[in-house]
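Here is the structure we will look at.
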Amino acid sequence: MATHKVLLVDTIHPVFNHLINQAGIQCDDGTHLSKEEIIERINEYDGIEIRSRFKIDKAFLDQCNRLKFIARAGAGMENIDVKLAYEKGIVCINAPEGNRDAVGEHAIGMLLMFFNHLKRADAEVRQGIWKREENRGTELQGKTVGIIGFGNMGSAFAEKLKGFGVRILAYDKYITIDQTNFPYVTQTTLETVFEQTDILSLHIPLTAETNYLVNDSFFQQFKKPIYVINTARGKVVDTNALMNQLKAGSVIGACLDVLEYESISFEQLAHANMPEAFQYLVQSEKVILSPHIGGWTHESNEKIVRVLAEKIIQLLKK
Ligand code: 3PG
């Protein structure tokens with residue numbers, strides 16, 4: 001394995017270098033290089049590590065003659081043309097096992113913050129305002145949670161929810177849920193989710209199929225007013241539609257860790273002049289926002305690289 005070389009193009013926990021070097025693989029820092037400079041050097045490497053700094057598209061992949069793998073330090077693969085990579089014999093690896101617990105806990109945190117008015121109550125007490133009746137909370141107990149997407153993230157969220165006395169429905173088009181591992185989850189149709197959900201949580205990747213999946217007509221199919229949690233990808237939700245549903249009261253509240261207005265790398269909001277829907281969200285009492293940190297804990301930072309390094313080592317052993 002001594003001749004294998006990996007190029008890091010995104011910042012990553014230092015344990016990665018240690019584990020990779022220990023396995024006899026050379027690890028070079030390319031975080032300071034531009035995409036063009038990386039392309040110039042790409043044929044010196046067997047693998048590349050990336051988070052979401054830039055798109056690995058056809059133009060990039062067409063320059064790769066030696067690359068054996070693309071290792072995504074995280075979960076979402078939407079910035080990588082995975083299909084084309086596979087056609088070129090390049091294996092794409094990710095590490096959702098490393099940040100699923102973080103996402104599950106973050107979703108619970110947002111939900112509890114909303115249900116117990118913690119954002120407002122905290123701000124009020126700091127101003128010497130002591131309102132008890134106005135800040136009376138709502139319990140999760142007895143609610144029906146509809147999870148869309150039951151991969152690493154959706155299942156981790158369900159696992160964290162277990163102790164709250166909620167009913168958990170899960171819809172996943174591609175996964176058959178193992179009832180031995182998840183006896184407290186009912187796999188169901190989308191129609192049942194529409195009919196019975198009180199709290200909707202999205203845990204699907206961003207693909208052509210899921211882009212704007214949650215739009216006006218999707219929202220209109222719910223039979224009850226719902227709460228929405230999005231820790232997946234901003235573009236899965238049509239924010240205009242969400243704004244309209246919030247205004248109409250058919251969405252009671254939204255917990256959003258991701259926004260459709262993020263840049264490709266998630267490091268900033270894309271637009272200088274944000275659209276009306278964004279302006280609405282930021283002033284709304286019905287919305288809890290966080291800057292795409294659901295999967296970002298101190299623990300997940302390290303767990304992601306441990307998972308990723310192990311997968312790379314196993315791959316290169318083959
Ligand atoms: C992920 O897909 O792992 C998260 O959304 C975080 O991605 P990032 O580390 O590339 O920002």
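The values are calculated or read from the model by the stated rules, or taken from the named source; none is laboratory data. Model, not experiment: these values are computed from the prediction. No Cβ is skipped: glycine too gets one built from the backbone with ideal geometry, and neighbour counts run over all protein chains shown. These area figures cover heavy atoms from the full protein model, side chains too; ligands, DNA and RNA do not enter into them. Shrake-Rupley method; radii C 1.70, N 1.55, O 1.52, S 1.80 Å.
Below are the figures for this structure:
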item: Unique match (being of a type outside the set (Asp, Glu), out of contact with any Lys or Arg (no Cβ under 8 Å at 6 or more places or on another chain), open to solvent by 10 Å² or more (accessible area, probe 1.4 Å) and within 16 Å of the ligand (Cβ to nearest atom)) among Asn273, Asn301; result: Asn301
item: Residue match in segment 134-148 (condition: open to solvent by 10 Å² or more (accessible area, probe 1.4 Å) and either part of a helix (DSSP H, G or I) or closer than 24 Å to Gln314 by Cα (or both)); result: yes
item: Breaking point among (1) within 12 Å of the ligand (Cβ to nearest atom); (2) within 13 Å of the chain's Cα centre (by Cα), for Phe54; result: (2)
item: Residue ID - surrounded by the fewest Cβ atoms within 10 Å (Cβ to Cβ), chosen from residues in segment 11-32 that are within 16 Å of Ile313 (Cα to Cα) and among the β-branched types (Val, Ile, Thr); result: Val15
item: Checking Ile229 against (1) among the aliphatic types (A, V, I, L, M); (2) away from the ligand (no atom under 16 Å from the Cβ); (3) not in a loop (DSSP other than H, G, I, E, B), the condition it does not meet; result: (2)
item: Set Gly104, Gly149: member being in contact (Cβ under 8 Å) with a residue 60 or more places away in the chain, within 14 Å of the ligand (Cβ to nearest atom) and closer than 30 Å to Glu195 by Cβ; result: Gly149
item: Residue within segment 253-269 that is under 30 Å from Gln26 (Cβ atoms) and surrounded by 19 or more Cβ atoms within 10 Å (Cβ to Cβ) present; result: yes
item: Filter pass, Gly74 being on the phi > 0 side of the Ramachandran plot, of a type outside the set (Lys, Arg) and within 17 Å of the chain's Cα centre (by Cα); result: yes
item: Search result, residues across segment 33-59 that are surrounded by fewer than 15 Cβ atoms within 10 Å (Cβ to Cβ) and of a type in the set (Asp, Glu); result: Glu36, Glu37, Glu40, Glu44, Asp57
item: Search result, residues across segment 60-95 that are closer than 17 Å to Leu315 by Cα, open to solvent by 20 Å² or more (accessible area, probe 1.4 Å) and more than 16 Å from the ligand (Cβ to nearest atom); result: Arg66, Lys68, Tyr86, Lys88, Gly89, Val91
item: Subset of segment 276-298 that is buried (at least 16 other Cβ atoms within 10 Å of the Cβ) and of a type in the set (Gly, Ala, Ser) - its residue that is farthest from the ligand (Cβ to nearest atom); result: Ala277
